[in-house]
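Everything below concerns the one structure shown next.
Values in this text are rule-based calculations from the coordinates and carry no lab data. Here the structure is a predicted model, which means the values were calculated and not measured. Please note: Cβ atoms are built from the backbone with ideal geometry, for glycine as well, and neighbour counts cover all protein chains shown.
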Amino acid sequence: LVELDRNHLIHPVASWRGHEQAGMRLLTHGQGAWVRDGEGRELIDGFAGLWCVNAGYGQPSVVEAATRQMTELCYATGYFGLGSEPAVRLAARLAEAAPGDLDHVYFTLGGSDAVDSTIRFVRYYWHARGLPQKQHFISVEQGYHGSSTAGAGLTALSAFHEGFGVPYDWQHRIPTHDLYRNPVGDDPQAVIEASRSALMAKVEDLGGAEHVAAFYVEPIQGSGGILVPPAGWMAAMRELCAELDILFIADEVITAFGRTGPLFACADEGIVPDFITTAKGLTSGYVPMGAVFMSDHVYQVIADGAGQAAVGHGQTYSAHPVSAAVGLAVLDLYQGGLLENGRIMGERLQAGLASLSDHPLVGDVRGRGMLAAIELVTDKKTKARIPAAAQPATRIFDRAWDQGLVLRAFGWGVLGYAPPLCCTTDDIDQIVARTKKVLDLTLD
Ligand code: PMP
């Protein structure tokens, strides 16, 4: 399989990071928070796949829902106005659970096309309001918004740009709110003020708010290194966008579905964005699906006389019945106790990782709920990063693997954690204990 994989299966990011030098690692089984590899080794999955298997592996009710739906009806296309019961029910239940007037749902295949879809909806919205010159999109440094071409342009990681002709000339960024390495320091109020000023300055640069369509932001920056904004940052930015009549889009592809506690991280921030994009935990890794949540005031502008969104946009697998059936089964699990368990385990995870703060290699421990990071440094005072050449991320990943732990090792020395919400206290304690071992081995 390793040989066939090398010859025929493309996995671009892994190759670029050097993960594949030793060959692909096969996973064969998953149960709860644990996975088994091709050699029969059991590992605790501290990253829930790619921060997506929020409900855990091998949940019988999810398997049963998918099987039943495949047997009854595997497909129905919205293109001809056809629908399926699970898609309608899932949209209605999600709309009910989403903050404020985010009452309308468009289903996609994953996160990148959820981001792309919002870009198209936003543009359509400003056209419908007779303001087509509002075209510029602003995102945040260290942000990640997918790897579709337009999404990659909003993504702030240069490896996703070089050679791809993005960002487009309508895509712009302001500095991140990173509290650990912010040039304005770590005072929350100063960071909030700096971000507000940066957004206002960027808007001015672009000729004023009459040229700016939307501001795109993650409630916690994920792929940029799990950077948590200061309390009140999201609310301050949301308020500024409302004042300027710029649409505010929260990209909750990682943060939704219990990752930080509630179904939507925006609920904890007390804000209602104009759009929310989601994927990952929506179907918990069992099948692909994403969802765009659109607020009613936006929807009313783009809806036609029959109350339908008459936009030239759609995909064959939008609102796929089997994905929707899985979404409903997963939502039942979240609302039936899994969110609550995730909250309790999240506190244990944060406390456990914080207890490693005194380790000589640990510069920063941060996160919320079941989303956390440790930033490694060689000097706590200067915050000097571990030289990538000496300790490449792949080596730390390998070391963790040998300890029976799957984590994410970001190239610049950040360890990422996003375990399944079904973890037991023992699972969390294992994640912390094995991390300590990895840190000790890295120090040697
Ligand atoms: N937005 C955010 C915030 C993400 O973290 C990701 C994926 N990590 C995406 C969009 C893209 O999602 P996908 O990989 O499902 O296309």
One finds the C-alpha centres of region 69-89 and region 334-361 to be spaced, in Å, by 38 Å
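Cross-link list LYS280/LYS381; LYS383/LYS436; LYS280/LYS383; LYS280/LYS380: which exceed 26 angstrom alpha carbon to alpha carbon?
LYS280/LYS381; LYS280/LYS383; LYS280/LYS380
If you take every residue apart from GLN315 with its C-beta less than 15 Å away from the C-beta of GLN315, what net charge results, scoring Lys and Arg +1 and Asp and Glu -1? List each step's numbers first, then the result.
Working: positive: ARG120; negative: ASP113, ASP116.
Here the count lands on -1.
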Using +1 at the Cβ of each Lys and Arg and -1 at the Cβ of each Asp and Glu in the chain, identify which of PHE248, SER147, VAL414 lies farthest towards the dipole's positive end.
VAL414
Check: C-alpha center region 315-329 vs C-alpha center region 217-278, spacing in Å is 25 Å
Using amide H atoms built 1.01 Å from N in the peptide plane, name the residues 5+ places from ALA409, or on other chains, whose amide H lies under 5 Å from its own.
GLY416
Under a 5 Å amide H to amide H cut-off, with H placed in plane at 1.01 Å, what residues pair with ASP364 once short-range neighbours are removed?
GLU375
How big is region 168-210 along each principal axis, measuring the range of its Cα positions in Å and listing the largest first?
32, 19, 11
Given H placed 1.01 Å from N in the peptide plane, which residues other than close sequence neighbours of ASP251 have an amide H under 5 Å from its amide H?
VAL217, GLU218, THR277
Charge context of LEU131, other residues only, Cβ under 12 angstrom, K/R +1, D/E -1
+1
Determine Rg/Rh for the chain; Rg is computed over alpha-carbon atoms and Rh is the Kirkwood hydrodynamic estimate from the same atoms.
0.96
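What's the local net charge at LEU338, with K and R +1, D and E -1, over the other residues with C-beta under 12 Å away?
0
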With no solvent and one point per C-alpha, what does the Debye sum give as log10 I(q)/I(0) for region 76-319 at q = 0.10, 0.14, 0.17, 0.18 Å⁻¹?
-0.44, -0.89, -1.35, -1.53
Can you run phi through the Karplus equation (6.51, -1.76, 1.60; θ = phi - 60°) for region 193-201 and list ³J(HN,Hα) in whole Hz, with x for Gly and Pro?
4, 4, 5, 4, 4, 5, 5, 5, 5
Phi angles of region 358-370, converted by Karplus (6.51 cos²θ - 1.76 cosθ + 1.60, θ = phi - 60°) into ³J(HN,Hα) in whole Hz with x for Gly and Pro, give 7, 4, x, 8, 8, x, 8, 10, 8, x, 8, x, 8
